[in-house]
Amino acid sequence: MKRDIAIAIDGPAAAGKSTVAKIVAKHLSYVYIDTGAMYRALTLKAIQHQLNVDNETEIVELLNHTSIQFKQNGEQQLVYLDDADVTHEIRSQEVTHHVSDVSKHKEVREEMVQRQQQLARSRGVVMDGRDIGTHVIPDAEVKVFLIASVDERAKRRHKENVEKGYPSNLEELKKEIQRRDQIDSQREVSPLIKAEDAIEIDTTSYTINEVAERILEIVSSKI
Ligand code: CDP
Ligand code: CDP
């Protein structure tokens with residue numbers, strides 16, 4: 001009989017983590033958890049409260065009074081910040097610009113990791129982020145680290161923005177992605193890094209389905 005496992009998908013911005021994670025989760029009838037959405041929701045609230053994102057004490061205090069939940073609406077996963085649906089708002093340029101600064105604080109990460117571990121306590125989960133394989137689910141049966149060239153990642157995000165009717169400038173987007181990758185990779189606490197036992201997949205010239213299939217093959221070999 002097949003057993004339920006945990007699948008950790010990490011990597012830099014716009015590498016295709018969430019798109020592929022959703023396909024893999026759907027295929028296996030697993031739960032998908034987007035940890036980036038949790039950091040984005042907290043960042044949105046910090047902006048709403050006009051907090052200084054560098055002030056760790058204030059940001060942690062805010063998080064301690066904040067509920068972040070995922071709700072399924074048919075195919076779509078909605079993100080709730082306290083009682084409000086913020087699924088779209090958390091993708092704004094302003095949130096994207098500040099999220100890495102909010103996410104670098106030690107106590108913020110400790111609390112988020114605890115909440116994420118709670119969400120992943122039963123197996124049958126696909127979780128994507130930056131530190132899933134290294135800190136959130138270090139004993140995940142499958143760990144994947146997705147990468148792609150920064151030009152390709154910027155192009156993909158740009159295309160996505162244009163399709164959704166969001167304002168988007170390719171060069172600005174590339175700079176923002178590089179800036180975010182740098183903060184995420186260089187922070188002291190649980191930086192973006194490939195877990196030793198993660199399988200790296202360079203998706204630069206792969207389609208979404210090819211990447212999903214590759215992960216499903218890895219999963220099959222484990223269950
Ligand atoms: O989708 P995109 O790559 O733009 O970003 P995301 O996955 O929504 O994550 C937004 C930000 O949250 C990242 O740039 C990190 O600063 C932070 N993050 C993190 O620190 N740890 C995670 N496990 C997930 C996200
Ligand atoms: O979650 P993450 O930030 O890593 O990336 P994403 O939001 O899943 O993917 C960013 C964009 O790249 C989306 O529009 C995907 O459809 C697209 N993509 C692609 O074109 N080819 C891939 N192999 C993976 C993602």
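Every number in this text was worked out from the coordinates using simple rules, so none of it is lab data. All values derive from a computational prediction rather than experimental measurement. Positions of Cβ are backbone-derived with ideal geometry, glycine not excepted, and every protein chain shown enters the neighbour counts.
Below, the figures for the structure above:
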{"read-out": "Extension gain (nm, one decimal) between ARG121 and ASP82, 0.36 nm per residue minus Cα-Cα", "value": "11.8 nm"}
{"read-out": "Cβ-based net charge around GLU152, under 12 Å, with every Lys or Arg adding one and every Asp or Glu removing one", "value": "+4"}
{"read-out": "Among ALA13, ALA84, ALA37: highest mean-square fluctuation, GNM of the chain, C-alpha pairs under 10 Å", "value": "ALA84"}
{"read-out": "Förster radius 25 Å - calculated FRET efficiency between HIS49 and GLU110 (Cβ-Cβ, nearest 0.05)", "value": "0.75"}
{"read-out": "Antiparallel DSSP beta bridges within the chain, percent to nearest 5", "value": "30"}
{"read-out": "Distance violations [Cα-Cα > 32 Å] among LYS71/LYS222; LYS2/LYS164; LYS45/LYS194; LYS175/LYS222; LYS2/LYS106; LYS106/LYS164", "value": "LYS2/LYS164; LYS175/LYS222; LYS2/LYS106; LYS106/LYS164"}
{"read-out": "Computed over region 84-223: relative contact order in percent, which uses C-alpha pairs under 8 Å that are six or more apart", "value": "31"}
{"read-out": "Radius 15 Å from Cβ of ILE47, net charge of other residues (Lys, Arg +1; Asp, Glu -1)", "value": "-3"}
{"read-out": "Percent breakdown of C-alpha pair distances by 5 Å bin, ordered from the shortest bin, for region 6-211", "value": "1, 7, 15, 20, 22, 18, 11, 3, 0"}
